[in-house]
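Below is one structure, written out as structure tokens; comments come after it.
The values are calculated or read from the model by the stated rules, or taken from the named source; none is laboratory data. All figures in this text were calculated on a predicted structure; none of them were measured in a lab. So basically every Cβ, Gly included, is an ideal-geometry build from the backbone, and we count neighbours across all protein chains shown.
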Amino acid sequence: MRVVVQGGGRGARRAGLAGLLWAAAELAVTVGVVVLLLVVHQVWWTNRQALASAHRQVAALEEEWQAGAGSRSDSRSDSRSEPGSGSPADLPSGSGSGSSAPASAAPSVSPAAPGSSPAGAAPGGSGAYGVLRIPRLGVVVPIAQGVDRRAVLDKGYAGHYPGTAQPGAAGNFALAGHRNTHGEPFRYINRLRAGDELIVDVRGRRFTYVVGRTLAETSERDTGVLAPVPRSTVRPEYGYSEPGAYITLTTCTPEYTSKYRLVVWGTLRHPDSVVSAVG
């Protein structure tokens, strides 16, 4: 006698479909976990790595400058004809309030006199040669030549735009920095206000700029913000109208995107001159 079993094929198909859905769910969970780990690595771990490396670089530069200042001081002492004669040694300047660098002695930095010469040409390569301090934000970040992502910015450094002025010089000393990830030194520069200080130390010399203008959003192709007399070509009501000694900070905006650029400008503190601005 033949026994006919009905519905067996349908049950097998259902079982196969359930297995396929289960496999798809497992794959989705796995992909989600991998993506989450990548986000954690990019947003959190790269920040820790870059920030720690940048702080070590600042400490190394400060130690190098202190050693150089000590050598110059010894040379001056040896050249005196008798005790108490000659010029007194320069008093060291502070490192700026709100420093986020590792606990270490502040560098002996001689403040630049108004109208003094700039620190000179930047060294070749992408090694750090200066320090930017933003007391209002507690930022202390190395400055390196160039704006290459891998060689400079991803190390947590502020990158000096090639072709722009050096610190203290007439023209525009322009810097770029990450707003998110890799140390994100420029994350909160949107909080800077007119009158805030931007301090640049280079080889034992200090240049203090004062924030004057902020351009909240402009195109990445707005090269006017980097001009010797910075003025936006996209929004020309923002910028400056006369030659002077400027500093420019640029970063991406909005956060976690690179669609636009946020710009902060400042002028070198110089009591004997006034730089006109518009916007």
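Observations on the structure shown:
- Residue satisfying all of: in the stretch 142-163; more than 8 Å from the chain's Cα centre (by Cα) and either crowded, with 20+ Cβ neighbours inside 10 Å or among the aromatic types (Phe, Trp, Tyr) (or both); nearest to residue 227 (Cα to Cα) among these: 161
- Residue match in the stretch 124-143 (condition: out of contact with any Lys or Arg (no Cβ under 9 Å at 6 or more places or on another chain) and at pLDDT below 65): yes
- Residue that is farthest from residue 164 (Cα to Cα) [pool: residues in the stretch 242-269 that are basic (Lys, Arg) and surrounded by fewer than 20 Cβ atoms within 10 Å (Cβ to Cβ)]: 259
- Total residues in the stretch 219-242 satisfying the condition of being over 20 Å from residue 197 (Cβ atoms), outside any strand (DSSP E or B), touching a strand residue (DSSP E or B) at 6+ places or on another chain (Cβ under 8 Å) and of a type outside the set (Phe, Trp, Tyr): the figure is 14.
- Number of the condition not met by residue 170 [criteria: (1) closer than 24 Å to residue 257 by Cβ; (2) touching a residue at least 60 places away in the same chain (Cβ under 8 Å); (3) among the hydrophobic types (A, V, I, L, M, F, W, C)]: (1)
- Within the stretch 165-210, tally of residues that are buried (at least 20 other Cβ atoms within 10 Å of the Cβ), part of a loop (DSSP other than H, G, I, E, B) and acidic (Asp, Glu): 1
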